[in-house]
Each structure stands twice: as C-alpha cells, then as structure tokens.
Amino acid sequence: MKKMIALVLTLALTLGLSASALAYSDKNLEAPKAKDVVIDGDLGEWDTSKCLRIDNVNQITDQIEHWDGEKDCAMEAYVMWDEENLYIAMKILDDTPLVYREGFPLDELDAVIFFLSTDPEADPERTEYTATDWRIVQSAYGYKGDYEFFNYIDRDMIADNGGWDTQGEYGDEVVFDDYEAAIASIDGGIVWESKLPLHNLSNKKIAQLVPAAGMTIGFDFSILDVDLPCPGIHSLRMQFSSELDGRDRKPEMHDVDHNPSLWATLTFVD
Ligand SMILES: [Ca+2]
Ligand SMILES: [Ca+2]
Ligand SMILES: [Ca+2]
C-alpha cells in the first residue's frame, strides 16, 4: 500500500511539474503605462517599483564557473508600454561592461536578449517558436561616452517565420526602424534605456501587438557577460526564468531559445 501511495504521489508530482514547466514559468513582470518617457539614460521618469531581477546563481544557464557574483554580472529590468511602443530599461552591474568586438557574434559578447510573444492568445504550452515569437539580441559599443547600438533578431529556429527572416546576425547593424537607446554609466555598471516601436515586429502576415492594460504575453530576459573577448570564449549567460541547480550548466537545460513554454510572462498594467 505504501508503495502504491508513493507511486501515485510520484506520478502526481511528475505530472504537476511537467505541466507547470510547459505553460510559462510563474515569474511575471508588470509593465506600467509609459508617460512622457525621454530616452536619455536617466530613469527619473520611470516607475521602477516593478522590476525583474537577474542576480541569482540559479539563473545561470552557461559558464557558471565564470560568475564572480553580482558585481560581475547582475541586472534589474523594467518595461513600460503605450499602444505603439515597448520601453525597456536596464540597470546592469558588470565590472567590465559593454565588451564589444566587431565581427563577433553578438551572443559571444556583452549583450542582453529580450524574448517576447506578440500574440497574447498564443498557446503557453507551445514548445516551438511560431512567427509571433521573438528572440531579440541587443548590444552596444561605447567609446568616450558615445554609444552605438546593434540589434540581432534570430528567426532561424522558426519553421514558418511569416516572412520575417533573421537579421543582424553579424553585428554592427541596427535592424529596427525608429529604435531609440541611450546608455549612462553608473557605479559598477550602466543604465540602458530604450524604446522599441512595435511596428518592427510585424508585417503583412504578422499582426502588430497593441498592448492594453490587463493583457499578458510570454516574455523573458537574458543577460550575457564576457569580460575579455577571445575567439571560442562563450559569454556567461543568465536567464530570468531559469531555476537550475547544481554546477553543471548548459543552455540546453533551460532551452528558452527553442521552447517558449519555459518563458516567464509580462503583464501590461495602467
Ligand atoms: Ca529617461
Ligand atoms: Ca563581468
Ligand atoms: Ca562584461
């Protein structure tokens, strides 16, 4: 009888766990409505009471041996919205921020990645990207207080990408129209403020997302950190939705690059 109970419990636990792991993570970020945001690297006009944090060892999905704690790599991110745009700001702690080298793939440098679905009705249990799932890599190059920004939108994992193909994979490219960004140095890192017009994530086949209060979408966030770019060195990677244990970490263990059901969520609020 005890064995039977144990078996039933194990089964229930297994089913429960696999169900929750395959319908977005419980982690959620609330995005307040934007009012008069100026993209200048100063977050004085932002509501920073709602934030997501990436600062925990459980969130490392690659190169755990290269993490020296929060001073090395950690971040807070904030999102705000209006009907036409997402505003995304980050406070990044990094002892050597904005390591960039021309010709390197952006995901082997200092970068951040936004993951989002532009379809609020998308099935949270989907285990493959669809045309309305986006993996957007952002990086920047700074020299004497001036910054250049680069976007890379990876669509290679999507079977039917709706005619919106991969762009910016070789770096040194601003893919988005009307994209605005600004960076300011802070103690131990940087503040990065940006505006992403949502018309960029649409075309004749892919409807533009129009945020509204109360709407929830699939969403996630990565930070990549490298402090010395050498060929073959991969960045340390941390993922908002990840809760991995142990010292053996590979991105495939929490494969948000291919499986949106592992993502967290974003809720638009007033
Ligand atoms: Ca500002
Ligand atoms: Ca670092
Ligand atoms: Ca770095």
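Across the stretch 60-88, the number of residues qualifying as away from ligand 1 (no atom under 15 Å from the Cβ), closer than 26 Å to residue 196 by Cα and outside any strand (DSSP E or B) comes to 3.
When each of 232, 189, 214 is tested for being under 24 Å from residue 65 (Cβ atoms), away from ligand 1 (no atom under 16 Å from the Cβ) and open to solvent by 20 Å² or more (accessible area, probe 1.4 Å), the lone residue that passes is 232. Scanning the stretch 56-84 for residues that are more than 13 Å from ligand 2 (Cβ to nearest atom) and either closer than 15 Å to residue 112 by Cβ or modelled with pLDDT under 95 (or both) gives 59, 61, 62, 65, 76, 77, 78, 79.
Of the listed requirements (1) open to solvent by 50 Å² or more (accessible area, probe 1.4 Å); (2) assigned to a loop (DSSP other than H, G, I, E, B); (3) not small (Gly, Ala, Ser), residue 249 misses just one: (1). Of the residues making up the stretch 204-227, those that are within 16 Å of ligand 2 (Cβ to nearest atom) and of a type in the set (A, V, I, L, M, F, W, C) number 3.
Is it the case that residue 227 is buried (at least 16 other Cβ atoms within 10 Å of the Cβ) and modelled with pLDDT under 95? For residue 227, the condition - buried (at least 16 other Cβ atoms within 10 Å of the Cβ) and modelled with pLDDT under 95 - is met. Kindly check whether there is at least one residue in the stretch 132-152 that is touching a residue at least 24 places away in the same chain (Cβ under 8 Å), part of a loop (DSSP other than H, G, I, E, B) and buried (at least 18 other Cβ atoms within 10 Å of the Cβ). Checked the stretch 132-152: at least one residue is touching a residue at least 24 places away in the same chain (Cβ under 8 Å), part of a loop (DSSP other than H, G, I, E, B) and buried (at least 18 other Cβ atoms within 10 Å of the Cβ). Only a single item in (1) surrounded by 17 or more Cβ atoms within 10 Å (Cβ to Cβ); (2) within 16 Å of ligand 2 (Cβ to nearest atom); (3) part of a loop (DSSP other than H, G, I, E, B) is not met by residue 237, and it is number (3). Checking residue 91 against (1) in a loop (DSSP other than H, G, I, E, B); (2) over 19 Å from residue 150 (Cβ atoms); (3) within 16 Å of ligand 1 (Cβ to nearest atom), which single condition isn't satisfied? Failed condition: (1).
When 103, 163 are screened for being open to solvent by 40 Å² or more (accessible area, probe 1.4 Å) and at pLDDT below 95, only 103 passes. Remark: pairs (first residue in the stretch 90-105, β-branched (Val, Ile, Thr); second residue surrounded by fewer than 19 Cβ atoms within 10 Å (Cβ to Cβ); Cβ separation under 6 Å; 6+ apart in sequence or on different chains) = 96/227; 99/229.
The values are calculated or read from the model by the stated rules, or taken from the named source; none is laboratory data. Here the structure is a predicted model, which means the values were calculated and not measured. When we count neighbours, we look across all protein chains shown, and the Cβ atoms used for this are built from the backbone with ideal geometry, even at glycine. These area figures cover heavy atoms from the full protein model, side chains too; ligands, DNA and RNA do not enter into them. Shrake-Rupley method; radii C 1.70, N 1.55, O 1.52, S 1.80 Å.
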